[in-house]
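Asks: Before we start, here is the structure in question, set down as structure tokens.
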Amino acid sequence: MSDKIYKIEEAGAQWIYHYMILMLGALKDVDLSNKINVCFDNENYTSYQKESFEILSDIINIVPKTDTCELLPSIKPLHNNNGSTNPFVDPSVHPFLRELFLSRIENDFDTTEYDKIYIRRSRSHFCEGNVGDGNARRRQIVNENELVESLEKIGIKSIFFEDYTVSEKIQIFKNASLVVSPQSGGLVFTLFANKDVDIVEICPPNPHQFCDQYVDMCRALNISFRRFIDVQKVDGFDNMLVNLSNLNNFILKK
């Protein structure tokens, strides 16, 4: 390992999609045949950053930032229009990150009970990335408790993804046959899903912010992606009321 230090450009590390795709994706342009030194501007690392450092510890060594490091530019979005058929980011980022992590993950978590899952979002406003946002509730299902009961009847297990480590999340997606979730940062782990999985994203038809990043990801990785939009927006933050029977029918019709 040389003494050279790469500083990955800040691009919103407090949000897991931004960190995984826009920041760690920048490693694809570096020679990783030998271990490299890496630093960040913000050294107040989130739990998922620390866990990713551990997974990638054989190829990256996290060091304090210096004035002499070489800037490694983050991945820049190519567009931010919903419904675009153009890739949101360079499509080569997705398979690079998929291989980078999957090749280092051991199957040490029992995913037997996680074949079909629903990722709950009702605690998302307490997650690390949302603390600085005033703990605002965004893209949550207003009737989620009823939704959980409804999904349980068709064999879908409901979980809070923040209760699992990065390694466990990767293994859950790697082995799941069905993942249902509101539009959420947790869906970044679709990067590691098996090619036979069915991803169902719950999203309003007229979201107030860009939300097609997971459509693009699934397109790049040739993974099935469906969007359920039979919802009623209740405010400007895309919090939703979901038609339970229609969602169940949508999931089962594939």
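Asks: Would you mind telling me the antiparallel percentage of the DSSP bridges in the chain, rounded to 5?
Replies: Counting DSSP beta bridges with both partners in the chain, the antiparallel share is about 10 percent.
Asks: Select from Val188, Ile229, Leu252 the residue farthest towards the positive end of the dipole of region 107-252; place +1 on Cβ of Lys and Arg, -1 on Cβ of Asp and Glu, and compute about the Cα centre.
Replies: Ile229
Asks: Restricting to bridges with both residues inside region 140-254, how much of the DSSP beta-bridge set is antiparallel, in percent to the nearest 5?
Replies: Numbers: 3 of 14 bridges.
Beta bridges within region 140-254, antiparallel portion: roughly 20 percent.
Asks: Using just the C-alpha positions of region 48-93 as equal point scatterers, what log10 of I(q)/I(0) does the Debye formula give at each q in 0.28, 0.31 1/Å?
Replies: -1.04, -1.11
Asks: Let me ask something else about it. What percent do you get for the relative contact order of the chain when only Cα pairs under 8 Å and 6+ apart count?
Replies: In percent, rounded to a whole number, it is 19.
Asks: How large a share of the accessible area of the chain, in percent, is made up of carbon and sulfur atoms when the probe is 1.4 Å and the other protein chains stay in place?
Replies: Details: 5540 of 11830 Å².
For the chain, the apolar C and S fraction of the accessible surface comes to 47 percent.
Asks: How long are the semi-axes of the equivalent ellipsoid of the chain, defined as square roots of 5 times the Cα gyration tensor eigenvalues? Whole Å, largest first. Present the calculation step by step, with values, prior to reporting the outcome.
Replies: Values: eigenvalues 206, 76, 58 Å².
Those come to 32, 19, 17 Å.
Asks: If you don't mind, another one. Please go through region 15-86 and write out the GluC sites (Glu not before Pro) that DSSP classes as loop and that have at most 16 other C-beta atoms within 10 Å.
Replies: Glu43
Asks: For region 146-206, count all C-alpha to C-alpha pairs, find those more than 13 Å apart, and express that count as a whole percent of the total.
Replies: On the way: 1176 of 1830 pairs.
Every Cα pair in region 146-206 considered, those over 13 Å come to 64 percent.
The values are calculated or read from the model by the stated rules, or taken from the named source; none is laboratory data. For clarity, every value in this text was computed on a predicted model and none was experimentally measured. When we count neighbours, we look across all protein chains shown, and the Cβ atoms used for this are built from the backbone with ideal geometry, even at glycine. To get the accessible areas, we keep the full protein, side chains included, count just its heavy atoms, and leave off ligands, DNA and RNA. Shrake-Rupley method; radii C 1.70, N 1.55, O 1.52, S 1.80 Å.
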